[in-house]
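Visitor: The structure is given below, and queries will be raised subsequently.
What follows is calculated from the coordinates using simple rules that are stated; it is not laboratory data. Being a predicted model, the structure only gives us computed values, none of them experimental. Every residue, glycine among them, receives a Cβ derived from its backbone with ideal geometry; neighbour counts consider all protein chains shown.
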């Protein structure tokens, strides 16, 4: 589970770093190419959120088994974890969006990527459902 999340993290950070570096150094000029880059970055952000939901669906059963959760309890705990994840996406989108409007989008984007990445790494080391819920919500 942690290996898959680390690969995902590496891809996200690499792509975002390259695009942000080009934006910060002025290599992406403010014209039609700039709009294309913005749409691509926004699409990648959306893709990462959807990918995370799909990835959780794929690894949910094995990750809950590794925590000792079996049978019908897996469904209940899985739904709870998914609810935490979706609530985190909703609240995070609102809070990071407001913060981005006030502090600047690039610095806030780096902060949100860092928090998301740290939470995904920490998720690979959870030992109980409560901690899993918290890190899944971040």
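Visitor: How much space per residue, in cubic angstrom, does the convex hull of the C-alpha atoms of region 47-138 take up? Provide the component values of the computation, followed by the final result.
Guide: Values: hull volume 7.5 nm³, N = 92.
Convex hull volume per residue, Cα atoms: 81 Å³.
Visitor: Given 0.36 nm per residue, what is the gain on full extension from residue 94 to residue 74 after removing their alpha carbon distance, in nm? Walk me through the numbers before you get to the answer.
Guide: Working: separation 20, 0.36 × 20 = 7.20 nm, distance 3.02 nm.
Length gained between residue 94 and residue 74: 4.2 nm.
Visitor: Also: Within a 10 angstrom radius of the beta carbon, how do 109, 65 rank from fewest other beta carbons to most? Please report the intermediate quantities before stating the final value.
Guide: Values: 109 18, 65 11.
Ascending Cβ contact count within 10 Å gives the list 65, 109.
Visitor: I would also like to ask the following. Once label points are set 7 Å from the Cα along Cα→Cβ at both residue 101 and residue 66, what is their separation, rounded to one decimal in nm?
Guide: Result: 4.0 nm between the two label points.
Visitor: Still on this structure, I have one more. Modelled label-to-label distance, residue 55 and residue 110, 7 Å Cα→beta-carbon offset: nm?
Guide: Distance between the two pseudo-spin positions: 2.3 nm.
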